[in-house]
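Structure first, commentary second.
Each value in this text was obtained by applying a stated rule to the coordinates, not by laboratory testing. What you are looking at is a predicted structure, and each value in this text was computed from that prediction instead of being measured. Glycine also receives a Cβ, built like all others from the backbone with ideal geometry; neighbour counts cover every protein chain displayed.
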Amino acid sequence: NAGVTQTPKFQVLKTGQSMTLQCAQDMNHNSMYWYRQDPGMGLRLIYYSASEGTTDKGEVPNGYNVSRLNKREFSLRLESAAPSQTSVYFCASSELDRGYNEQFFGPGTRLTVL
Amino acid sequence: DAKTTQPPSMDCAEGRAANLPCNHSTISGNEYVYWYRQIHSQGPQYIIHGLKNNETNEMASLIITEDRKSSTLILPHATLRDTAVYYCIVRVAGSGAGSYQLTFGKGTKLSVIP
């Protein structure tokens, strides 16, 4: 039972390049999330998917797109990377049917945009 | 959702109880208090949540004041591995649309001292 996995662990991009961050969970959770964390700051929600087939914007969606490929997988795409997107990206999943939001987080992807 | 206020940092001696406070004076009757922690460079980890009553699990205890305007997370016997940033989050309970977005502020950096 791997929980939430993210690939890659590290990535360096040049300004204007594109890339997709992958996330998968094996807990059969309905909801998945993408956050970014800048140095010394808390996490900020980029996008979330309440259930398969739905996605919604979070606090900081500009410059990103997401795809909920199936119940297990939720990807984050940077179409034209900018230095301001240098950050650590965390994926998470949860099941709200129990009435509370216990999110399980992946290990993160450390992205540097030059 | 209600805002939370936490001290930026705290120290605790190893083996002693760590008491982490959180103010949430504008909390609504249907909002949970959640606690998460983030050990250096890792994804956040859920600790505990509560609505009105005090709660205890294998990791910690959560004490919520009767007026619900503040709470305290208690780690009964802090170890060096409890050194982390602790986030207090308030969010509406249930599985509706408002339940998904957890707001992680800057939290309290707890340092457990040998």
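For chain B, take the convex hull of the Cα atoms, compute a quarter of its surface area, and give me that in nm², please. Provide the component values of the computation, followed by the final result.
Details: hull surface 26.9 nm².
Computing the convex hull of the Cα atoms and averaging its projections yields 6.7 nm².
Taking R0 as 22 Å, what FRET efficiency do you get between B:S25 and B:A97 from their Cβ-Cβ distance, rounded to the nearest 0.05?
On the way: r = 25 Å, r/R0 = 1.14.
Once the sixth-power term is evaluated, E becomes 0.30.
Using C-alpha positions alone, give me the convex hull volume of the protein assembly as shown per residue in cubic angstrom.
Working: hull volume 27.4 nm³, N = 228.
Cα convex hull per residue, to the nearest whole number: 120 Å³.
Normalised by the number of residues in the range B:1-112, what is the relative contact order in percent for Cα pairs under 8 Å and 6+ residues apart?
Values: 271 pairs, mean separation 39.2, N = 112.
Worked out over the range B:1-112, it gives 35 percent.
What is the total of Lys pairs in the protein assembly as shown with C-alpha atoms under 25 Å apart, excluding same-chain pairs fewer than 8 positions apart?
Total qualifying Lys-Lys pairs in the protein assembly as shown comes to 15.
What nm value, rounded to one decimal, do you get for the distance between B:D11 and A:R98 when each label is placed 7 Å out toward the C-beta?
3.7 nm
Take A:E52, project a point 7 Å from its Cα along the Cβ direction, then tell me which residues of the range A:17-36 have their backbone nitrogen under 17 Å from it.
Residues passing the 17 Å test: A:23-33.
Across bins of 10 angstrom width beginning at 0, how are the C-alpha pair distances of chain A distributed, in whole percent?
15, 50, 29, 6, 0
If I take R0 = 22 Å and measure r between the Cβ atoms of A:S18 and A:N62 in this structure, what FRET efficiency does the formula 1/(1 + (r/R0)^6) give, to the nearest 0.05? Display every interim value, and only then the final one.
On the way: r = 15 Å, r/R0 = 0.70.
Here the calculated transfer efficiency is 0.90.
All other residues with a Cβ under 14 Å from the Cβ of B:I39 taken together, and with Lys, Arg as +1 and Asp, Glu as -1, what is their net charge?
Working: positive: B:R37, B:R81, B:K109; negative: B:D82.
Summing Lys/Arg as +1 and Asp/Glu as -1 gives +2.
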